[in-house]
1. Could you tell me which numbered condition Gly64 fails, if it satisfies all but one of (1) crowded, with 18+ Cβ neighbours inside 10 Å; (2) on the phi < 0 side of the Ramachandran plot?
2. Identify the single condition in (1) out of contact with any Lys or Arg (no Cβ under 8 Å at 6 or more places or on another chain); (2) free of Cβ contacts under 8 Å to residues at least 60 places away in the same chain that Asp43 does not satisfy, given that it satisfies every other one.
3. In the range 230-318, which helices (runs of 4 or more DSSP H) lie fully inside it and hold 2 or more residues that are modelled with pLDDT under 95?
4. Would you mention how many residues in the range 305-330 are in contact (Cβ under 8 Å) with a residue 40 or more places away in the chain, surrounded by fewer than 19 Cβ atoms within 10 Å (Cβ to Cβ) and more than 15 Å from Gly156 (Cα to Cα)?
5. Of the residues Asn194, Asn199, only one is under 20 Å from Gly237 (Cα atoms) and more than 19 Å from the chain's Cα centre (by Cα); which?
6. Assuming Glu220 fulfils every condition listed in (1) at pLDDT 95 or above; (2) out of contact with any strand residue (DSSP E or B) (no Cβ under 9 Å at 6 or more places or on another chain); (3) not in a helix (DSSP H, G or I) apart from one, which condition is it?
7. Looking only at the range 15-59, count every residue that is open to solvent by 10 Å² or more (accessible area, probe 1.4 Å), polar (S, T, N, Q) and assigned to a loop (DSSP other than H, G, I, E, B) and tell me the total.
Amino acid sequence: MKAIVIENYGKNAPLVLTEQPMPSVGEHDVLVEIHAASLNPIDFKIKEGKVKFLLSYKFPLILGNDFSGVVVKVGERVKAFKPGDEVYGRPRKSWIGTLAEFIAVHEDDIWLKPQNLTFEEAASIPLVGLTTYQAFSDILHLQKGQKILIHAGSGGVGTFAIQLAKRMGAFVATTASDKGYELVKSLGADLIINYKKENFEEMLTGYDAVFDTLGGDVLEKSFRILKPGGQIVSVSGMPNARFGKEANLGWMKTAMLSIVSRKITALERKTQTKYHFLFMKASGAQWKILTEMIEAGQIKPVIDKVYQLKDTAQAFDYLESGRAKGKVIVKVK
């Protein structure tokens, strides 16, 4: 099968279209012919080796973290799926590789594709959908009337997050540029801050929550807008000791995370708030909830560009440029 691989970590490590062996199918696995895959910031972080501390992979490594396609074979113990089923999913972190013509995944990591979505639209959902749902429902316990700031509202995560937060009844502020203004407004954002002209930390106060997709200085400034007891969930910041304990990383890695996240911990104490680093987990129950929302038209995919598999390097460059308004998709079939 054709697949996009890297032979080593590095920002300039080439993305190579090669022939790779067909994946083997275990008794609880489903073999899927991939029609489309979605790109996410985690993909170039993996490519550059920035998550080696948390995840270890062998080379050649097929990249890609979510997909849609058609089931072609099922393991002998699989009951929920059959050949011909249209599915979408997110393979578990140890089992990535959606930038390929086929993938074998555990049956718990897929769900039937929403009937009202194309394969390209469906491929845009899994990672951002589960990540956002877990941030808002499992960690923040976002309630009707609460105020949340969602950074980079016109990006792949932000476009989904705005819709889900509004669905949950929250007041949503977001950051965007002039080019992203109309998009985030159409998705339901209540307050839009032009990050090129305005400083969100000077405009907002008393917020219940922040959903951070950028990390760095933006994350640190976000503590200033929270009320005491407020919370930040980040998918781009530094993992802390709390995450190390929750993820059962062991005392040594947890101690190391405690050291490197000292600045964040100090900001938590100073502002009487709480910081969470989120690494999404597979969940069939949450797949069901998201699928029902999408099929009911309550959340709609936002796609910026679609590339062919052979042009994956261009797709990576575009995503890394920060110009994408919505998701970047690789069409495989």
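The values are calculated or read from the model by the stated rules, or taken from the named source; none is laboratory data. Just so it is clear, the structure is predicted and the values come from calculations on it, not from any experiment. No Cβ is skipped: glycine too gets one built from the backbone with ideal geometry, and neighbour counts run over all protein chains shown. For the accessible areas, the whole protein counts, side chains as well, though only heavy atoms, and no ligand, DNA or RNA atoms are used. Shrake-Rupley method; radii C 1.70, N 1.55, O 1.52, S 1.80 Å.
1. Tallying (1) crowded, with 18+ Cβ neighbours inside 10 Å; (2) on the phi < 0 side of the Ramachandran plot, Gly64 fails exactly one: (2).
2. For Asp43, the exception is condition (2).
3. Values: elements: 241-246, 251-260, 262-271, 284-295.
The helices (runs of 4 or more DSSP H) meeting that bar are 241-246, 251-260, 284-295.
4. Qualifying residue count, the range 305-330: 2.
5. Working: Asn194 fails: under 20 Å from Gly237 (Cα atoms).
Criteria check complete, one pass: Asn199.
6. With (1) at pLDDT 95 or above; (2) out of contact with any strand residue (DSSP E or B) (no Cβ under 9 Å at 6 or more places or on another chain); (3) not in a helix (DSSP H, G or I) applied to Glu220, the lone miss is (3).
7. Within the range 15-59, residues that are open to solvent by 10 Å² or more (accessible area, probe 1.4 Å), polar (S, T, N, Q) and assigned to a loop (DSSP other than H, G, I, E, B) number 3.
Residue-wise test of (1) in contact (Cβ under 8 Å) with a residue 40 or more places away in the chain; (2) surrounded by fewer than 15 Cβ atoms within 10 Å (Cβ to Cβ).
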| position | (1), (2) |
| --- | --- |
| Phe211 | yes, no |
| Val233 | yes, no |
| Ala241 | no, no |
| Thr254 | no, no |
| Leu257 | no, no |
| Lys263 | yes, yes |
| Glu268 | yes, no |
| Thr271 | yes, no |
| Lys274 | yes, no |
